[in-house]
Every structure is written in structure tokens, then in C-alpha cells.
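What follows is a single structure, written as C-alpha cells, with notes after it.
Rule-based calculations on the coordinates, nothing more; no lab input. It should be emphasised that the depicted structure is a prediction, and the values quoted were computed from it without experimental measurement. Cβ coordinates were reconstructed from backbone atoms using ideal geometry, including for glycine residues, and neighbour counts include every protein chain displayed.
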Amino acid sequence: FTLDLPSGAPQDVYLRVRNFKPMSLPVRLAATPLRESQRQLESVGLGLVIGTLLTLVALSVLRHHEHQNPLDLSAAWYGLLVAMSVAQVNGVLNALLWTAWPTWADYANSILPLVTVGTSLLFVRKLYALSTHFHRYDKPLVLIAWGTLGAVVGYVLRGRDIADHLGTAALLAATTVGLLVTVMSWRGGSVIGTWLMLAYVPQCVCLMWL
């Protein structure tokens, strides 16, 4: 945000932040030209990421129209969820779509990652045909995937603090299981496993950071 301070004298600035749980809030002051340059760089990077994801969504839809493969629709839905999660975490959706629904805008930061990660496990299960190649891991993965999606209900039935703890545990379990299954497929020589390793490792790192 922009802060106008008169020059030539020390100033006391108080910042009040309300949140449902403790949080770290790094604060840095920067001159207007430097901040504008940083914003432009951030916007370009974020635009490239979201634009790439939406392009993959469009390509998946086109592939489904051409080949009528249901897996392409699953890929499109998964890509759209990832794009929405990235846009939500970075404040894009709050600024563009959720301005009239402040309550949903507040909860979306917690809910969209859960839906995305739970959906990604179900997508990976179909992609790897786990019920055939890794039968012993198939049922636990399905349970964790639906458990992650079900954790969303906690934000309706439980308090925000409890639901957030449940959601964090679900994200940790789902991300770990998804990464393990991807590694197993990659070690088995799967070409798809190699590509998804490149996708899942950054996703795992980003979720752990969040």
C-alpha cells in the first residue's frame, strides 16, 4: 500500500492486522519508483505462470474435443484448479472476482488449495492406473484424496482454527502421498512419471512453504 510521509522529520506509523491465527508479517519500505518496478516484475512472472496454466487447460479441452478422451477433461479441470489456486494465493481472484463476497474471499485461501490437492490425487490415480500398477497404494490414496476434499466441510461445521489445523494435516498427507506415488512411477521408468516429477516437486515445495 502507498504510505505518504512528510520528509524532514521522524514519523511513527502504526499498523494493525487482524487474523484468525498468529502470522508473520514482514514489512519493508521502498521508494515509489522501486516499488513500481517490483510490481511490474511480479505481475509479469505471475501472468506467465497463470497464462501457461490456462493455455494447458485450453489445450486439454481441444484434445478432448479431438480424441474424446475423458482424461483430457480431468487434466483441464486440474489445470484450472491449479491456476485458480495460484491466482487466489496471490490476491488476483480477490481483486477481480470476489470483491462482492468478502467472506468467501477470506475462506478461499484455505479452501481452494484443499480442493486442488485432493483433485490432483484423484487425477494422478487415473493417470498412473494405480489400481493396476500399485494396487496396495490405491485404496489409501483414494481415502486421503477424498479426506482432503472432505476437510473443506470443516470450515462449515467447525471453527476456523480447528478447520485450519485439519486442512493443514490433510494438505501435508495428500502432498506427501502424491509425491511418493510420483517417485514410484518415475523409478519404474514411466515417461509420465518423469514429467509429473517436474510438476509435483515444485508443488510440494510451494505447499510446504504455504
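With R₀ set to 25 Å, the beta-carbon distance separating S24 from R158 gives a calculated FRET efficiency near 0.50. Amide H contacts under 5 Å for L97: none, restricted to partners 5 or more places along the chain or on a different chain, H placed in the peptide plane at 1.01 Å from N. What is the log10 of I(q)/I(0) for the chain, computed with the Debye formula using one identical point scatterer on each Cα and no solvent, at q = 0.09 Å⁻¹? Ignoring solvent entirely, the Cα scatterers give -0.46.
Separation between the A95 and A31 pseudo-spin-labels, each 7 Å from Cα along Cα→Cβ, expressed in nm? Here the answer is 2.4 nm between the modelled labels. Distance between the modelled labels on A199 and H165, one decimal in nanometres: 3.4 nm (7 Å Cα→Cβ projection). Helix 102-128 and the long axis of the chain differ in direction by around 30°, with both axes built from C-alpha atoms. Here the simple spin-label model places points 7 Å from the Cα toward Cβ, and for W104 and S7 these points are separated by 4.6 nm.
Quote the relative contact order of the chain in percent (integer), defining contacts as alpha-carbon pairs under 8 Å separated by 6+ residues.
Numbers: 152 pairs, mean separation 27.8, N = 210.
That works out to 13 percent.
The string of couplings for the range 151-166 from the Karplus curve (6.51, -1.76, 1.60, θ = phi - 60°) is 4, 4, 4, x, 6, 9, 8, 10, x, 4, 5, 5, 4, 5, 5, 5 Hz, one whole number per residue in order, with x for Gly and Pro. Per the Debye formula on identical point scatterers at the alpha carbon atoms of the range 72-167, with no solvent, log10 I(q)/I(0) at q = 0.14, 0.16, 0.18, 0.24 Å⁻¹ is -0.59, -0.74, -0.88, -1.19. Any chance you could give the angle, 0 to 90 degrees and rounded to 10, that helix 70-89 forms with the longest Cα principal axis of the chain? Its long axis makes an angle of about 20 degrees.
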